[in-house]
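The values are calculated or read from the model by the stated rules, or taken from the named source; none is laboratory data. These figures come from a predicted structure and were not determined experimentally. Ideal geometry is used to build each Cβ from the backbone, glycine not excepted, and the neighbour counts take in all protein chains shown.
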Amino acid sequence: MIKFIAVDELLAIRNEVLREGKLTPDECIFPSDSLPGVFHLGFYVGDELASIASFHPQSYGEFTGTGYQLRGMATVEAYRGKGFGNQLLNFAIVYLRGQKANYLWCNARKKAIPFYMNMGFEAISAEFDVPGIGPHYVLYVKIQ
Ligand SMILES: CC(C)(COP(=O)(O)OP(=O)(O)OC[C@H]1O[C@@H](n2cnc3c(N)ncnc32)[C@H](O)[C@@H]1OP(=O)(O)O)[C@@H](O)C(=O)NCCC(=O)NCCS
């Protein structure tokens with residue numbers, strides 16, 4: 001089941017999956033996590049949180065209209081490859097369409113590119129390095 005969740009609920013998974021458990025929960029908060037318009041989604045298996053993603057109103061480059069940045073997309077290892085991440089993002093895209101958003105973009109890890117490409121994202125940057133994390137691309141998907 002997909003739910004809108006508070007940022008506090010997802011920090012443990014952000015840390016475990018995206019920061020190798022090296023940070024404190026507070027250090028996993030993005031400064032923009034609590035800005036107006038930001039929302040966080042969780043995919044639950046029973047009462048266990050399996051997959052998370054955050055959506056920040058944020059334009060990118062020359063694109064016109066309302067843009068959102070996808071941040072902190074992560075599925076707990078035991079639940080990967082079951083389509084939960086895909087369902088979470090599809091839910092967000094339908095919701096954002098209802099909110100009149102025009103596009104979604106993200107800084108994606110190279111390893112995760114096939115996951116995003118499956119959902120219609122395309123690369124709009126050259127490869128760049130995020131120190132300590134590795135190679136990334138900016139990906140974009142049009143919403144409407
Ligand atoms: C990238 C990530 C978020 C994907 O989450 P996920 O819940 O495993 O995603 P899905 O299960 O929807 O899709 C993953 C793969 O499983 C496959 N899959 C989807 N449904 C499936 C099913 N029912 N049965 C088997 N495989 C399935 C998909 O084809 C997809 O393959 P791909 O890697 O070629 O795209 C997850 O791997 C993760 O957290 N990785 C580590 C952190 C990370 O890199 N985050 C992204 C930062 S940019």
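Pick from the stretch 38-52 the residues that are under 13 Å from the mean Cα position of the chain (by Cα) and more than 8 Å from the ligand (Cβ to nearest atom): which of them is surrounded by the most Cβ atoms within 10 Å (Cβ to Cβ)?
Quick first cut of the stretch 38-52, residues under 13 Å from the mean Cα position of the chain (by Cα) only: 38-43, 51-52.
Within this subset, residues satisfying the condition of being more than 8 Å from the ligand (Cβ to nearest atom) are 38-42, 52.
Working: Val38: 18, Phe39: 17, His40: 20, Leu41: 21, Gly42: 21, Ile52: 27.
Filtering the stretch 38-52 for residues that are under 13 Å from the mean Cα position of the chain (by Cα) and more than 8 Å from the ligand (Cβ to nearest atom), the one surrounded by the most Cβ atoms within 10 Å (Cβ to Cβ) comes out as Ile52.
Give just the number: which of (1) farther than 19 Å from Ile133 by Cβ; (2) modelled with pLDDT of 95 or more does Ser34 not satisfy?
Only one criterion in (1) farther than 19 Å from Ile133 by Cβ; (2) modelled with pLDDT of 95 or more is unmet by Ser34, namely (2).
Pick from the stretch 78-98 the residues that are away from the ligand (no atom under 12 Å from the Cβ) and out of contact with any Leu (no Cβ under 8 Å at 6 or more places or on another chain): which of them is nearest to Ala6 (Cα to Cα)?
The selected residue is Tyr95.
Note down all Cβ pairs under 7 Å where the first residue falls in the stretch 44-61 and is of a type in the set (A, V, I, L, M), the second is at pLDDT below 95, and they're at least six residues apart or on different chains.
Here the result reads none, with nothing in the stretch 44-61 linked to a residue that is at pLDDT below 95.
Out of (1) more than 9 Å from the ligand (Cβ to nearest atom); (2) out of contact with any Asp or Glu (no Cβ under 9 Å at 6 or more places or on another chain); (3) assigned to a strand (DSSP E or B), the odd one out for Asn107 is which?
So the condition that Asn107 fails would be (1).
Does Thr66 satisfy the condition of being within 15 Å of the ligand (Cβ to nearest atom) and buried (at least 16 other Cβ atoms within 10 Å of the Cβ)?
The answer is no for Thr66.
Can you name the condition, by its number, that Thr75 falls short on among (1) under 19 Å from Lys3 (Cα atoms); (2) more than 9 Å from the ligand (Cβ to nearest atom); (3) β-branched (Val, Ile, Thr); (4) surrounded by 13 or more Cβ atoms within 10 Å (Cβ to Cβ)?
Going through the list (1) under 19 Å from Lys3 (Cα atoms); (2) more than 9 Å from the ligand (Cβ to nearest atom); (3) β-branched (Val, Ile, Thr); (4) surrounded by 13 or more Cβ atoms within 10 Å (Cβ to Cβ), Thr75 breaks only (2).
Write out, first by first residue and then by second, each pair whose Cβ atoms fall under 6 Å of each other, whose residues are 6+ apart or on separate chains, and whose first residue, in the stretch 103-129, is under 21 Å from Val17 (Cα atoms) while the second is surrounded by 15 or more Cβ atoms within 10 Å (Cβ to Cβ) and of a type in the set (Gly, Ala, Ser).
Tyr116/Ala108
Give the residue, chosen from Ala101, Ala126, that is in a loop (DSSP other than H, G, I, E, B), buried (at least 17 other Cβ atoms within 10 Å of the Cβ) and away from the ligand (no atom under 12 Å from the Cβ).
Values: Ala126 fails: buried (at least 17 other Cβ atoms within 10 Å of the Cβ).
Exactly one residue qualifies, and that residue is Ala101.
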